[in-house]
Amino acid sequence: MMGFVWVGMLALSVCAALLEGRLGVLTGAAMEGASAAISLCLSLAGALCLWSGLAKVMERAGLTEKLGRLMRPVFRRLFPQAGNDPVALGYLTGNVSANLLGLGNAATPMGIAAVKRMKALSGGTEATDEMCLLIVMNTASIQLLPTTVASVRASLGASSPFDILPAVWVTSILSVTSGIVAAKLLRRVTRRA
């Protein structure tokens, strides 16, 4: 669906540029945007590699497992079935750890693996309440260090890329809390129906 949206926006831009007689301006802006996108991708790649490498070091050093044990009481309340499975717990811990470090791209593969494990544990073909809750939490993405956003801010010349931390903490806590509450309330409503 998003492909159609992007193609539609592109077609509208070209049509508007043709009607206004400004096709040259559109071409120049497209080239400038493409150049800026490549520069941004390269600057983000460095930060993503750094933090993904740090996450891998944490995993190999056993810190992820220790973090999993520390978070087990919370995960068992939120994910009763998956919280008791060591494999699912490992994936959940990795996913949450990556989100805490602001690494949404690194969190995604672990989140997918956690959902696959949850599906195997449930034995069903439909999404369970635990799977939906994980997706809600992943989308809300609680963050302690918004590394990707800070990298973008640094690449665009911000003198203090991490000065957004208090705002990120407040919005992260509020979004995750409201997502969890909504998921729990909707679970109760759908079970009554």
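The values are calculated or read from the model by the stated rules, or taken from the named source; none is laboratory data. Here the structure is a predicted model, which is why all the values come from computation and not from measurement. Glycine also receives a Cβ, built like all others from the backbone with ideal geometry; neighbour counts cover every protein chain displayed. Side chains included, ligands, DNA and RNA excluded: accessible areas come from the protein's heavy atoms. Shrake-Rupley method; radii C 1.70, N 1.55, O 1.52, S 1.80 Å.
Counting only helices (runs of 4 or more DSSP H) that sit completely within region 74-193, those holding 2 or more residues that are basic (Lys, Arg) and open to solvent by 40 Å² or more (accessible area, probe 1.4 Å) correspond to 104-122, 165-192. Please verify whether Gly28 is of a type in the set (Gly, Ala, Ser), part of a helix (DSSP H, G or I) and closer than 26 Å to Val149 by Cβ, treating the condition exactly as stated. So Gly28 fails the test.
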